[in-house]
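Asks: Can you read through this structure? Questions will come right after.
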Amino acid sequence: MAGLVLEPLEVAGPLRWRWLLRTEEGEALASHQVALPAGDYEHRGFTDLYRFLRWQADPDRRVVSEAQLTAQVGDWIGRQALGEPVLAALLDEAPVTVRVPVPAELAFLPYRPWEIAAGGGLVLGRKQVRFVFDLAGTRRPPRRAVAPNGRRPGAVHPVHLRHGRPLEPAPGPRRHPETRRARRSGTRRPRRPADLIHPRGGRKRPGECGDLPPCSGISTPDGFRK
């Protein structure tokens, strides 16, 4: 068989749903109503097997103790989390790859140790039963574009509404047309002619030419100062 689908239906929370095991063509093979007893000792190993074994195993005989606890949690998963009908059908179809659609309410499913589920001394992982999780149901819709001011394009704040119409934006400070044109073109303000710059800095005044005789500081077209 090419593959199976283990689909959670009728989800009523993280502890209650119904498994439907079917083929890719839609033929139902098994079903089980899940009601996880969260107060069970093995439920702690189901939610976090690594931490459960680290803290619950006997440190004097850790290897043997961890193997016993793993088998205990695996039997619990086979009875409670998968259900005996679903577990038996998976073992009958082994080796097989099982696709599991993951709804948003059960986003934790890919992080549970399903391969250690066992029944009658048979473990799914040892029988080459593999689970592949389809996370399409857990993906969030793409976020809408947001403008730099924190609003969506085209959105109008309620404060800016008056009689159902958006108010016109307040006019900004007016600038001289030449200033706006210079800013848009990226040009600087025209510099003063060099002959109007005082040698010690600042702007020359008429008749002030450093060590030269008094003059107006303006050059004639032929290059001589007045």
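Asks: Confirm whether residue 126 is under 20 Å from residue 42 (Cα atoms) and in a helix (DSSP H, G or I).
Replies: When the stated conditions are applied, residue 126 does not pass them.
Asks: Return yes or no: is residue 80 touching a residue at least 40 places away in the same chain (Cβ under 8 Å), crowded, with 17+ Cβ neighbours inside 10 Å, under 21 Å from residue 16 (Cα atoms) and polar (S, T, N, Q)?
Replies: So residue 80 passes the test.
Asks: Give me a count of the residues in segment 93-102 that are closer than 23 Å to residue 48 by Cβ and at pLDDT below 95.
Replies: Here the count works out to 0.
Asks: Taking segment 26-72 as the region of interest, how many residues are part of a helix (DSSP H, G or I), in contact with a Leu (Cβ under 7 Å, 6 or more places away or on another chain), among the hydrophobic types (A, V, I, L, M, F, W, C) and farther than 23 Å from residue 110 by Cα?
Replies: Qualifying residue count for the region: 0.
Asks: Please go through segment 44-66 and give me each residue that is of a type outside the set (D, E, K, R) and either surrounded by 13 or more Cβ atoms within 10 Å (Cβ to Cβ) or within 25 Å of residue 15 (Cα to Cα) (or both), ordered by number.
Replies: Residues satisfying the conditions are 45, 46, 47, 49, 50, 52, 53, 55, 56, 57, 65.
The values are calculated or read from the model by the stated rules, or taken from the named source; none is laboratory data. Everything numeric in this text was worked out from a predicted model, so none of it was measured. FYI the Cβ positions are ideal-geometry reconstructions off the backbone, even for glycines, and counts take in every protein chain you see.
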